[in-house]
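Everything on this sheet refers to the single structure shown next.
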Amino acid sequence: MCGIVAYVGQQEALPIIIKGLKRLEYRGYDSAGVALLTKDGLGVYKKKGKVSELENHLVEFADLSSKIGIGHTRWATHGEPNDVNAHPHYSASEKFAMIHNGIIENYDVLKKDLLNKGYVFHSETDSEVFIKFIEDIFVNNHCSLEEAVRLALHKIVGAYAIVIVNKEEPDTLIAARKGSPLVIGVGQDEYFLASDATPIIEYTNQVVYLDDYEIAVIRDNQLQIKTIENVETNPYINQLELELEAIEKGGYDHFMLKEINEQPRSIADCMRGRLDAKNGRLVLGGLRDYMNKFQNAKRIIITACGTSWHAGLVAEYLFEEFARIPVEVEYASEFRYRNPVVGPEDFIIAISQSGETADTLAAIELAKSKGATIFGVCNVVGSSIARATHAGSYTHAGPEIGVASTKAFTAQISVLTMMALKLGYQRGTLSESRYMQLLSELETIPSKVERALKLNDKIQVIAEKYKDSRNFLYLGRGYNFPVALEGALKLKEISYIHAEGYPAAEMKHGPIALIDEEMPVVFIATKDSSYEKVVSNIQEVKARKGKIIAVVTEGDDTVKHMADYIIEIPDTEEAFVPLISVIPLQQLSYHIAVMRGCNVDQPRNLAKSVTVE
Ligand code: M6R
């Protein structure tokens, strides 16, 4: 995690860096810091807490004008969040300062070695070891800083995106990456470096995505990129398509609320140019060259983490129902370490909003090394996962900034639904008429999500009633089982209420013991093939005095006589229900968290991009 920003050019660096850090705060908000080269030398300023704390702290300094600087917002890995562990870190001579996003796995060995040489460490971080290690090479080899970085990277094990500023070269920034993202914005006589494009977008739309094992040197207004083997590469300039308004709150109190409400549009954007129900057309550009492999796969393995894993579970139902190919859904963190049986006949789908999740990336590399075909479903364009996969489809949900994933989830399901329908049709497991019927219904989803969003006021009333509960259960079956898991995850991550999602029928095997008059149970009980069974499960909870909040299909006349609250959502095909049934659950968790005074967009202990294992 952690967000990094750097600037060198003709403008004042500090305001650009601070603004950039605020945009990257979703990546971590334990502490923030900047290093600036001013007339007084290379100054490092850092503070525990959010970027605003750092800003307050900087007011004490009269003159921080500088045209070059680096900044960091931290999600703590090594060492508690405090001023000392905050980045940037100085080298021993204080000639260099460095920001780092990632984890250095062999820092302990390097540190011991440096301690033996007499180095002193002020922080508990791996990053301080990293810059001191670079300086040690610089001193002993009498080489340039750039060469010292290159030599150091051959010895460093782990993930990093780093930027170093050198007191003696006021027009130079040196950056490198492996495993953590780094984007370079190329402006007119100026350069911006950041963990993603959001700090860059208002200055330039020309960017270079640094690749793993590459070192970028910006010196004297020139960008040079070399591999760590010292081979020069040609920087490829990409045009950013991101709009500034997409990364602003646009009048909403929180990004999460904005993102929940954007879903009719983000789902439509995801389908735009791909789905044309009238003419029976469904085109996923990324699949074109891999359709054969996909169609003939012996098995589909879906790998992801968190909410993306829940989208993967929905996809399991979709692929098996429509395309009749066996599917396994794997937590990337488990898959990568359990010596899985994978081979060239497997088609792997990796799902990730950020495209930077370390476990998912590692799972991809593992499956790739075993000859499998990897297809990415990512939201962030140009992200590491998008580039590590053989092919893929972007979700086009637009930037998701709230730590709790909402619109990315529905966009992921939209892409996966289109993939399943296409696959089923191509394999002949879906008849033409059924295929056409499903395409037409899929096109109506954005407007049905719009209708579901109108339930907001009712959901606020339910939130008020249960906001002080200590536990919640979420139950659903079939396509609504992953939705139950997702509803529970949303609630726990932003409101800190313990919540569990379960398949409704499993309740009798254990969790029913938890039911008493204090326990709110959210049932997703839409009119589908397991409706009658779920109604029986509702009765079982009712009999034990549990409180029932039920998400039902509009017009349902049965559950309303049993539930304490019902939330009626528009009817749709059973397979498309998760796209609608998750909406009230997102709203419920949002309102409960706001009412409990929680920081909805930046919940404690979390970060948006999980770039550590
Ligand atoms: O960026 P990714 O989709 O790979 O992230 C995976 C999870 O870290 C993410 O979905 C996480 O669970 C969300 N905070 C849930 O809201």
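None of the figures in this text is laboratory data; all of them are computed from the coordinates on show. For clarity, every value in this text was computed on a predicted model and none was experimentally measured. A quick note on method: Cβ atoms are made from the backbone with ideal geometry, for glycine too, and the neighbour counts reach across all protein chains shown.
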Label-point separation in nm, Tyr213 to Asp253, each point 7 Å along Cα→Cβ: 5.1
Lys, Arg +1 and Asp, Glu -1 on Cβ, resulting dipole of the chain about Cα centre, debye, nearest 20: 980
Rg(Cα)/(2.2 N^0.38 Å) for the stretch 256-340, N = residue count: 1.32
Sparse-neighbourhood loop sites, trypsin sites (Lys or Arg not before Pro) in the stretch 441-495 - DSSP loop, at most 12 other Cβ within 10 angstrom: Lys454, Arg470
Estimated dipole of the stretch 1-81 in Debye, rounded to 20 [Cβ of Lys and Arg +1, of Asp and Glu -1, Cα centre]: 240
Between the stretch 29-51 and the stretch 466-514, the Cα center-to-center distance that results, in Å: 42
Equivalent ellipsoid semi-axes, the chain, via Cα gyration tensor eigenvalues times 5, rooted, Å: 45, 27, 22
The chain: relative contact order in percent, alpha carbon pairs under 8 Å with at least 6 residues between: 12
Ascending count of other beta-carbon atoms within 10 Å, so fewest first, for Ser581, Ser369, Ser66: Ser369, Ser66, Ser581
Residue (of Thr77, Thr395, Leu54) at the positive-pole extreme of the chain, dipole from beta-carbon charges: Thr395
Cα centre as origin, Lys/Arg/Asp/Glu Cβ charges: the stretch 125-220 dipole, Debye: 320
Cα-Cα pairs of the stretch 474-613 separated by more than 17 Å (percent): 59
Eligible lysines near Lys132 by straight Cα distance, threshold 16 Å, same-chain separation 8 or greater: Lys95, Lys111, Lys112, Lys117, Lys155, Lys167
Those lysines that a straight Cα-Cα span of less than 26 Å connects to Lys298, excepting residues fewer than 8 apart in one chain: Lys368, Lys370, Lys422
Charge dipole (the chain, unit charges on Cβ, about Cα centre) - positive-most of Ser530, Pro482, Ser369: Ser530
Loop chymotrypsin sites (Phe, Trp or Tyr not before Pro), the stretch 447-556 (other Cβ atoms within 10 Å of the site Cβ: 15 or fewer; DSSP): Tyr496
Dipole of the stretch 201-257, positive end: most advanced residue of Thr233, Tyr252, Val207 [Cβ charges, Cα centre]: Thr233
